[in-house]
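The values are calculated or read from the model by the stated rules, or taken from the named source; none is laboratory data. From a predicted model like this one, the values you see are computed outputs, not experimental measurements. Every residue, glycine as well, gets a Cβ built from its backbone with ideal geometry; the counts of neighbours run over all protein chains shown. Note: accessible area is taken over every heavy atom of the protein model, side chains too, but ligands, DNA and RNA are not part of it. Shrake-Rupley method; radii C 1.70, N 1.55, O 1.52, S 1.80 Å.
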Number of protein chains: 2
Amino acid sequence: MMKKNLGPVNALYPMPVVLVGTEVAGKINYINIAHVGIIDMTTISISMGKVHHSNKGIKENKTLSINFPSEDMVVEADYVGVVSGAKVDKSKVFESYYGELKGAPMIKNAPLSMECEVIDILDVPNHDVFLVRPINTYCDEVVLADGKIDMAKVQPMFFDMPQRKYWKLGEAFANCWSIGSNYVK
Amino acid sequence: MMKKNLGPVNALYPMPVVLVGTEVAGKINYINIAHVGIIDMTTISISMGKVHHSNKGIKENKTLSINFPSEDMVVEADYVGVVSGAKVDKSKVFESYYGELKGAPMIKNAPLSMECEVIDILDVPNHDVFLVRPINTYCDEVVLADGKIDMAKVQPMFFDMPQRKYWKLGEAFANCWSIGSNYVK
(Lines give C-alpha, C1' and ligand atoms only; values in the text may rest on other atoms or scores of the structure.)
Protein backbone atom coordinates (compact mmCIF):
# COMPACT_ATOMS: atom_id res chain seq x y z
CA MET A 1 0.00 0.00 0.00
CA MET A 2 1.29 3.45 -0.85
CA LYS A 3 -0.28 5.17 2.13
CA LYS A 4 1.93 6.28 4.99
CA ASN A 5 0.65 5.56 8.53
CA LEU A 6 1.35 8.51 10.83
CA GLY A 7 -0.15 6.80 13.90
CA PRO A 8 -3.01 8.29 15.92
CA VAL A 9 -2.72 11.89 14.69
CA ASN A 10 -5.69 14.22 14.91
CA ALA A 11 -5.64 15.65 11.39
CA LEU A 12 -8.94 17.58 11.48
CA TYR A 13 -7.44 20.88 10.37
CA PRO A 14 -7.44 23.69 9.42
CA MET A 15 -10.24 24.82 11.71
CA PRO A 16 -11.79 28.29 11.87
CA VAL A 17 -10.18 30.61 14.43
CA VAL A 18 -12.59 32.41 16.74
CA LEU A 19 -11.99 34.82 19.58
CA VAL A 20 -14.08 33.90 22.60
CA GLY A 21 -15.22 36.90 24.64
CA THR A 22 -15.92 36.58 28.36
CA GLU A 23 -16.00 38.53 31.58
CA VAL A 24 -13.95 37.07 34.41
CA ALA A 25 -14.68 38.66 37.77
CA GLY A 26 -16.21 41.57 35.86
CA LYS A 27 -13.25 42.16 33.56
CA ILE A 28 -13.45 41.70 29.79
CA ASN A 29 -11.22 38.95 28.40
CA TYR A 30 -10.64 37.44 24.95
CA ILE A 31 -8.99 34.17 23.95
CA ASN A 32 -8.14 32.55 20.62
CA ILE A 33 -9.83 29.15 20.17
CA ALA A 34 -9.86 26.88 17.10
CA HIS A 35 -10.96 23.65 18.74
CA VAL A 36 -14.57 24.34 17.87
CA GLY A 37 -17.34 22.36 16.25
CA ILE A 38 -20.95 22.15 15.16
CA ILE A 39 -23.10 19.88 17.32
CA ASP A 40 -26.38 20.52 15.54
CA MET A 41 -27.90 23.37 13.53
CA THR A 42 -28.24 25.59 16.60
CA THR A 43 -25.46 24.33 18.88
CA ILE A 44 -21.72 24.98 18.74
CA SER A 45 -18.93 23.37 20.78
CA ILE A 46 -16.03 25.41 22.14
CA SER A 47 -13.30 23.26 23.67
CA MET A 48 -11.05 25.01 26.15
CA GLY A 49 -8.28 23.58 28.30
CA LYS A 50 -9.25 23.74 31.97
CA VAL A 51 -6.14 25.82 32.70
CA HIS A 52 -7.56 28.83 30.87
CA HIS A 53 -8.60 31.92 32.81
CA SER A 54 -11.68 32.43 30.59
CA ASN A 55 -13.35 29.21 31.75
CA LYS A 56 -14.09 30.67 35.18
CA GLY A 57 -16.04 33.54 33.69
CA ILE A 58 -17.97 31.31 31.31
CA LYS A 59 -19.03 29.03 34.16
CA GLU A 60 -20.03 32.03 36.25
CA ASN A 61 -22.02 33.89 33.58
CA LYS A 62 -23.22 30.93 31.47
CA THR A 63 -22.55 33.11 28.43
CA LEU A 64 -19.74 33.83 25.98
CA SER A 65 -19.26 35.48 22.61
CA ILE A 66 -17.76 34.02 19.45
CA ASN A 67 -16.00 36.56 17.24
CA PHE A 68 -14.45 36.00 13.83
CA PRO A 69 -11.21 37.92 13.46
CA SER A 70 -10.48 38.91 9.86
CA GLU A 71 -7.03 38.28 8.38
CA ASP A 72 -5.85 41.80 9.19
CA MET A 73 -6.43 41.12 12.91
CA VAL A 74 -3.96 38.23 12.99
CA VAL A 75 -1.44 39.89 15.32
CA GLU A 76 -4.03 40.71 17.98
CA ALA A 77 -5.82 37.38 17.44
CA ASP A 78 -2.63 35.43 18.04
CA TYR A 79 -1.61 37.64 20.96
CA VAL A 80 -4.79 36.92 22.96
CA GLY A 81 -4.12 33.21 22.40
CA VAL A 82 -0.60 33.40 23.80
CA VAL A 83 -0.96 35.48 26.96
CA SER A 84 -3.26 34.60 29.88
CA GLY A 85 -5.89 36.94 31.29
CA ALA A 86 -4.75 35.77 34.73
CA LYS A 87 -1.51 37.70 34.22
CA VAL A 88 -2.19 40.25 31.49
CA ASP A 89 -5.10 42.67 31.08
CA LYS A 90 -6.52 41.86 27.63
CA SER A 91 -9.64 44.02 28.07
CA LYS A 92 -8.24 46.83 25.88
CA VAL A 93 -6.80 44.77 23.01
CA PHE A 94 -10.10 45.25 21.18
CA GLU A 95 -12.88 47.77 21.46
CA SER A 96 -15.92 45.93 22.85
CA TYR A 97 -19.68 46.19 22.50
CA TYR A 98 -22.57 44.28 24.00
CA GLY A 99 -25.81 42.79 22.74
CA GLU A 100 -28.46 41.32 25.05
CA LEU A 101 -26.35 39.05 27.20
CA LYS A 102 -24.32 39.93 30.24
CA GLY A 103 -20.80 38.51 30.31
CA ALA A 104 -20.49 38.23 26.53
CA PRO A 105 -18.55 41.23 25.21
CA MET A 106 -18.07 41.32 21.45
CA ILE A 107 -15.30 42.80 19.32
CA LYS A 108 -16.24 45.90 17.36
CA ASN A 109 -13.55 45.34 14.71
CA ALA A 110 -14.57 41.73 14.12
CA PRO A 111 -16.83 41.57 11.06
CA LEU A 112 -18.95 38.76 12.51
CA SER A 113 -19.86 37.86 16.12
CA MET A 114 -22.35 35.69 17.99
CA GLU A 115 -23.52 36.19 21.56
CA CYS A 116 -24.21 32.76 23.02
CA GLU A 117 -25.77 31.04 26.00
CA VAL A 118 -24.05 27.99 27.49
CA ILE A 119 -26.50 25.09 27.43
CA ASP A 120 -24.19 22.34 28.68
CA ILE A 121 -20.57 21.60 29.54
CA LEU A 122 -18.89 18.32 28.61
CA ASP A 123 -16.32 17.41 31.19
CA VAL A 124 -13.54 15.61 29.32
CA PRO A 125 -9.96 15.11 30.54
CA ASN A 126 -8.21 18.50 30.92
CA HIS A 127 -10.89 20.34 28.92
CA ASP A 128 -14.22 22.03 29.40
CA VAL A 129 -16.25 21.65 26.23
CA PHE A 130 -18.84 24.41 26.27
CA LEU A 131 -21.96 23.64 24.25
CA VAL A 132 -23.40 27.01 23.34
CA ARG A 133 -26.37 28.38 21.43
CA PRO A 134 -26.22 31.65 19.48
CA ILE A 135 -28.85 34.11 20.72
CA ASN A 136 -27.96 36.90 18.33
CA THR A 137 -25.53 37.08 15.44
CA TYR A 138 -24.10 40.49 14.55
CA CYS A 139 -22.17 41.51 11.46
CA ASP A 140 -20.99 44.51 9.54
CA GLU A 141 -23.34 45.32 6.65
CA VAL A 142 -20.39 45.06 4.24
CA VAL A 143 -20.03 41.30 4.79
CA LEU A 144 -23.57 40.60 3.60
CA ALA A 145 -24.42 39.58 0.05
CA ASP A 146 -28.14 39.31 -0.72
CA GLY A 147 -28.75 39.34 3.03
CA LYS A 148 -26.50 36.32 3.65
CA ILE A 149 -23.09 36.21 5.27
CA ASP A 150 -20.42 36.10 2.55
CA MET A 151 -17.36 34.45 4.07
CA ALA A 152 -15.13 35.91 1.34
CA LYS A 153 -15.90 39.31 2.84
CA VAL A 154 -15.44 38.15 6.44
CA GLN A 155 -11.91 36.94 5.53
CA PRO A 156 -11.73 34.42 8.38
CA MET A 157 -8.54 32.73 9.56
CA PHE A 158 -7.97 28.99 9.94
CA PHE A 159 -5.63 27.23 12.34
CA ASP A 160 -3.54 24.20 11.55
CA MET A 161 -1.93 22.27 14.42
CA PRO A 162 0.51 20.09 12.43
CA GLN A 163 2.27 23.06 10.82
CA ARG A 164 1.22 25.68 13.39
CA LYS A 165 0.11 28.10 10.73
CA TYR A 166 -2.77 30.44 10.10
CA TRP A 167 -4.41 30.09 6.70
CA LYS A 168 -6.59 32.32 4.59
CA LEU A 169 -9.83 31.19 3.03
CA GLY A 170 -9.58 30.53 -0.70
CA GLU A 171 -12.27 31.00 -3.32
CA ALA A 172 -15.73 29.48 -3.49
CA PHE A 173 -15.62 26.95 -6.33
CA ALA A 174 -18.81 24.86 -6.29
CA ASN A 175 -22.39 24.79 -5.04
CA CYS A 176 -23.33 22.34 -2.28
CA TRP A 177 -26.11 19.80 -2.82
CA SER A 178 -25.88 20.65 -6.49
CA ILE A 179 -22.54 19.88 -8.15
CA GLY A 180 -22.94 16.23 -7.12
CA SER A 181 -25.68 15.86 -9.71
CA ASN A 182 -22.90 15.80 -12.31
CA TYR A 183 -21.74 12.45 -10.94
CA VAL A 184 -21.72 9.72 -13.58
CA LYS A 185 -21.68 6.12 -12.36
CA MET B 1 -24.44 50.85 16.47
CA MET B 2 -23.47 49.94 12.94
CA LYS B 3 -23.75 46.18 13.45
CA LYS B 4 -26.64 44.32 11.88
CA ASN B 5 -28.41 41.74 14.03
CA LEU B 6 -29.26 38.63 11.99
CA GLY B 7 -30.97 36.88 14.90
CA PRO B 8 -29.89 33.47 16.20
CA VAL B 9 -27.88 32.36 13.15
CA ASN B 10 -25.21 29.69 13.49
CA ALA B 11 -22.37 31.39 11.62
CA LEU B 12 -19.54 28.95 12.44
CA TYR B 13 -18.53 28.40 8.82
CA PRO B 14 -16.83 27.43 6.60
CA MET B 15 -16.07 24.06 8.16
CA PRO B 16 -13.86 21.32 6.71
CA VAL B 17 -15.69 18.76 4.60
CA VAL B 18 -14.95 15.14 5.41
CA LEU B 19 -16.29 11.92 3.97
CA VAL B 20 -17.27 9.49 6.69
CA GLY B 21 -16.74 5.84 5.77
CA THR B 22 -18.85 3.10 7.32
CA GLU B 23 -20.16 -0.38 6.73
CA VAL B 24 -23.90 -0.76 7.08
CA ALA B 25 -25.04 -4.39 7.19
CA GLY B 26 -21.68 -5.32 5.68
CA LYS B 27 -21.87 -2.86 2.79
CA ILE B 28 -19.43 0.03 2.37
CA ASN B 29 -21.03 3.48 2.55
CA TYR B 30 -19.70 7.06 2.44
CA ILE B 31 -21.37 10.31 3.47
CA ASN B 32 -20.35 13.98 3.30
CA ILE B 33 -20.26 15.65 6.74
CA ALA B 34 -19.08 19.15 7.68
CA HIS B 35 -20.68 19.43 11.10
CA VAL B 36 -17.51 18.27 12.76
CA GLY B 37 -15.41 19.53 15.64
CA ILE B 38 -12.42 19.05 17.90
CA ILE B 39 -13.32 18.00 21.46
CA ASP B 40 -9.76 17.65 22.73
CA MET B 41 -6.38 16.84 21.22
CA THR B 42 -7.32 13.22 20.58
CA THR B 43 -11.10 13.38 20.17
CA ILE B 44 -13.20 14.53 17.22
CA SER B 45 -16.96 15.08 17.01
CA ILE B 46 -18.96 14.03 13.95
CA SER B 47 -22.56 15.24 14.05
CA MET B 48 -24.98 13.29 11.89
CA GLY B 49 -28.73 13.65 11.56
CA LYS B 50 -30.45 10.56 12.96
CA VAL B 51 -32.16 10.00 9.61
CA HIS B 52 -28.90 9.01 7.95
CA HIS B 53 -28.31 5.43 6.88
CA SER B 54 -24.67 5.54 8.02
CA ASN B 55 -25.56 5.96 11.69
CA LYS B 56 -26.78 2.36 11.93
CA GLY B 57 -23.43 1.02 10.80
CA ILE B 58 -21.47 3.28 13.14
CA LYS B 59 -23.54 2.15 16.12
CA GLU B 60 -23.12 -1.49 15.12
CA ASN B 61 -19.37 -1.39 14.48
CA LYS B 62 -18.33 1.38 16.88
CA THR B 63 -15.93 2.54 14.19
CA LEU B 64 -15.86 4.93 11.25
CA SER B 65 -13.32 6.58 8.98
CA ILE B 66 -12.77 10.27 8.29
CA ASN B 67 -11.49 11.03 4.80
CA PHE B 68 -10.45 14.41 3.40
CA PRO B 69 -11.58 14.79 -0.19
CA SER B 70 -9.32 17.06 -2.21
CA GLU B 71 -10.80 19.81 -4.37
CA ASP B 72 -10.76 17.65 -7.50
CA MET B 73 -13.09 15.14 -5.77
CA VAL B 74 -15.85 17.73 -5.29
CA VAL B 75 -18.40 16.05 -7.59
CA GLU B 76 -18.15 12.67 -5.86
CA ALA B 77 -17.90 14.32 -2.42
CA ASP B 78 -21.11 16.25 -2.99
CA TYR B 79 -22.84 13.25 -4.56
CA VAL B 80 -22.38 11.02 -1.49
CA GLY B 81 -23.88 13.84 0.59
CA VAL B 82 -27.00 14.07 -1.54
CA VAL B 83 -28.06 10.46 -2.05
CA SER B 84 -28.82 8.00 0.76
CA GLY B 85 -27.16 4.62 1.16
CA ALA B 86 -30.59 3.28 2.03
CA LYS B 87 -31.62 3.77 -1.60
CA VAL B 88 -28.41 3.96 -3.62
CA ASP B 89 -25.32 1.74 -3.52
CA LYS B 90 -22.44 4.14 -2.80
CA SER B 91 -19.88 1.39 -2.21
CA LYS B 92 -18.28 1.84 -5.64
CA VAL B 93 -18.11 5.65 -5.79
CA PHE B 94 -14.58 5.42 -4.38
CA GLU B 95 -11.98 2.67 -4.29
CA SER B 96 -11.65 1.59 -0.64
CA TYR B 97 -8.89 0.23 1.55
CA TYR B 98 -8.74 -0.83 5.19
CA GLY B 99 -6.37 -0.29 8.08
CA GLU B 100 -6.73 -2.10 11.42
CA LEU B 101 -10.39 -1.50 12.14
CA LYS B 102 -13.38 -3.42 10.87
CA GLY B 103 -16.24 -1.28 9.59
CA ALA B 104 -14.05 1.71 8.73
CA PRO B 105 -13.29 1.62 5.00
CA MET B 106 -11.09 4.48 3.75
CA ILE B 107 -10.92 6.18 0.37
CA LYS B 108 -7.83 5.41 -1.71
CA ASN B 109 -8.05 8.67 -3.69
CA ALA B 110 -8.38 10.81 -0.55
CA PRO B 111 -4.96 12.24 0.34
CA LEU B 112 -5.62 12.01 4.09
CA SER B 113 -7.76 9.61 6.16
CA MET B 114 -8.21 8.59 9.79
CA GLU B 115 -9.60 5.29 11.03
CA CYS B 116 -11.42 5.98 14.27
CA GLU B 117 -13.03 4.25 17.21
CA VAL B 118 -16.29 5.61 18.62
CA ILE B 119 -15.77 6.40 22.30
CA ASP B 120 -19.15 8.01 23.03
CA ILE B 121 -22.36 9.21 21.39
CA LEU B 122 -24.09 12.44 22.42
CA ASP B 123 -27.81 12.11 21.98
CA VAL B 124 -29.06 15.55 20.99
CA PRO B 125 -32.37 16.34 19.27
CA ASN B 126 -32.46 14.77 15.79
CA HIS B 127 -28.71 14.10 15.77
CA ASP B 128 -26.22 11.49 16.88
CA VAL B 129 -22.95 13.21 17.74
CA PHE B 130 -20.25 10.58 17.48
CA LEU B 131 -17.18 11.29 19.61
CA VAL B 132 -14.36 9.42 17.94
CA ARG B 133 -10.67 8.85 18.46
CA PRO B 134 -8.23 8.41 15.58
CA ILE B 135 -6.39 5.06 15.84
CA ASN B 136 -4.33 5.49 12.69
CA THR B 137 -3.94 8.39 10.28
CA TYR B 138 -2.96 7.59 6.70
CA CYS B 139 -1.81 9.93 3.98
CA ASP B 140 -0.15 9.99 0.61
CA GLU B 141 3.59 10.70 0.89
CA VAL B 142 3.16 13.71 -1.41
CA VAL B 143 1.12 15.65 1.17
CA LEU B 144 3.95 15.56 3.72
CA ALA B 145 6.45 18.39 4.20
CA ASP B 146 9.26 17.65 6.65
CA GLY B 147 7.19 14.73 7.93
CA LYS B 148 4.17 16.89 8.74
CA ILE B 149 0.84 17.10 6.95
CA ASP B 150 0.87 20.14 4.65
CA MET B 151 -2.75 21.19 4.16
CA ALA B 152 -1.84 23.15 1.02
CA LYS B 153 -1.02 19.79 -0.57
CA VAL B 154 -4.13 18.06 0.79
CA GLN B 155 -6.29 20.77 -0.86
CA PRO B 156 -9.25 20.28 1.49
CA MET B 157 -12.74 21.64 0.86
CA PHE B 158 -14.79 23.78 3.25
CA PHE B 159 -18.56 23.97 3.53
CA ASP B 160 -20.56 27.09 4.15
CA MET B 161 -24.22 26.79 5.13
CA PRO B 162 -25.34 30.42 4.63
CA GLN B 163 -24.27 30.51 0.97
CA ARG B 164 -24.28 26.74 0.38
CA LYS B 165 -20.88 26.81 -1.25
CA TYR B 166 -17.71 24.80 -1.18
CA TRP B 167 -14.55 26.80 -0.61
CA LYS B 168 -10.89 26.18 -1.28
CA LEU B 169 -8.19 26.71 1.30
CA GLY B 170 -6.16 29.88 0.75
CA GLU B 171 -2.51 30.44 1.58
CA ALA B 172 -0.73 30.14 4.92
CA PHE B 173 0.09 33.68 5.98
CA ALA B 174 1.34 33.65 9.59
CA ASN B 175 2.83 31.42 12.28
CA CYS B 176 0.68 30.52 15.29
CA TRP B 177 1.86 31.32 18.81
CA SER B 178 4.46 33.54 17.20
CA ILE B 179 3.09 36.46 15.18
CA GLY B 180 1.27 37.70 18.30
CA SER B 181 4.62 38.72 19.78
CA ASN B 182 4.48 41.67 17.38
CA TYR B 183 1.55 43.10 19.33
CA VAL B 184 2.24 46.58 20.65
CA LYS B 185 0.05 47.83 23.50
* Nm distances between the label at A:ASN5 and the same-position labels in the remaining copies, 7 Å along Cα→Cβ, shortest first? -> 5.5
* Along Cα-to-Cβ, 7 Å out, sits the label point; list in nm, shortest first, how far the one on A:PRO125 is from those in the other copies. => 3.4
* To do: Can you tell me the dipole magnitude for region B:67-185 around its Cα centre, using point charges on the Cβ only (Lys, Arg +1; Asp, Glu -1), in Debye to the nearest 20?
  => 280
* How far apart, in nm, are two points set 7 Å out from the Cα along the Cα-to-Cβ line at A:VAL184 and at A:LYS102? -> 6.4
* Structure fact -> Here the net charge surrounding A:ASP123, from other residues whose Cβ is less than 13 Å away from its Cβ (Lys, Arg +1; Asp, Glu -1), is -2
* Asked: Roughly how many Å² is the accessible area per residue of region B:1-106, as a whole number, for a 1.4 Å probe?
  -> 37
* Proximal charge balance of B:ILE179 [Cβ under 13 Å; K/R count +1, D/E count -1] -> -2
* **Rounded D (µm²/s) - the protein assembly as shown, Kirkwood Rh over Cα pairs, Stokes-Einstein at 10 °C, 1.306 mPa s** => 77
* To do: Would you mind getting me the FRET efficiency between A:LYS50 and B:GLU95? Use the beta-carbon distance for r and R0 = 41 Å, nearest 0.05.
  => 0.45
* Structure fact -> Output row, site B:ILE135, 7 Å Cα→C-beta label point, backbone N cut-off 14 Å, window region B:88-117, residues B:98-106, B:114-117
* Structure fact -> The summed charge of the B:PRO156 Cβ neighbourhood (under 12 Å; Lys/Arg +1, Asp/Glu -1) stands at -2
* Asked: How big is the A/B interface in buried accessible area, both sides summed, 1.4 Å probe, to the nearest 100 Å²?
  -> 8700
* Which Cα, out of A:THR137, A:VAL82, A:PHE68, lies furthest along the positive dipole direction of region A:63-165 (beta carbon charges, K/R +1, D/E -1)? -> A:VAL82
* **Accessible surface of chain A, 1.4 Å probe, proportion on carbon and sulfur as whole %** => 50
* **Spin-label model distance (nm) - B:MET41 vs B:ASN126, 7 Å beyond Cα toward Cβ** => 3.7
* In debye to the nearest 20, how big a dipole does region A:1-112 give about its Cα centre with +1 on each Lys and Arg Cβ and -1 on each Asp and Glu Cβ? -> 460
